[in-house]
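The next block holds one structure in the form of structure tokens; read it before the comments.
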Amino acid sequence: MCQQAIAEGRRMRYAVPDSSAVSVHDLAHDGLRLVTACSQEHLDVLRQRYARRPFIEEELWIGKIARVLDKYPDGLRTDRLAEAAGLTAGQLELALQWLNRRASQRWQQY
């Protein structure tokens, strides 16, 4: 909407739910995306846009898994991976199934 630098005094920030967002520094902010707007109208547009986006738990879990694997590029045993990501073994399995389905759907598009 603005597509320009926003002056410090006009900057409005708001955290919106977003299952594709994981925080590198603060795990409590996983699933939240900080958006910046230049006006209340702009902020309302951003909030509406994110409100229409489905929040998919498995997508969030994949982000948590990826964050752990960034720290352990040689991988971890499944039980350790789940624990390090703050997930149960069942959640880890569901996340990987979701990722595989999504990859398969994209592959079929091509």
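Among the residues of the range 79-106, write down those that are among the polar types (S, T, N, Q) and either out of contact with any helix residue (DSSP H, G or I) (no Cβ under 9 Å at 6 or more places or on another chain) or open to solvent by 90 Å² or more (accessible area, probe 1.4 Å) (or both).
Across the range 79-106, the qualifying residues are Asn100, Ser104, Gln105.
Give the residues of the range 21-33 that are open to solvent by 50 Å² or more (accessible area, probe 1.4 Å), out of contact with any strand residue (DSSP E or B) (no Cβ under 8 Å at 6 or more places or on another chain) and touching a residue at least 12 places away in the same chain (Cβ under 8 Å), sorted by residue number.
Val22, Val24, Leu27
The values are calculated or read from the model by the stated rules, or taken from the named source; none is laboratory data. Owing to the predicted nature of the structure, the values given are computational and were not obtained by experimental measurement. For neighbour counting, all protein chains shown are included, and Cβ atoms are generated from backbone atoms with ideal geometry for every residue, glycine included. The protein model used for the area step is the full one, side chains on, heavy atoms only, and it has no ligands, DNA or RNA in it. Shrake-Rupley method; radii C 1.70, N 1.55, O 1.52, S 1.80 Å.
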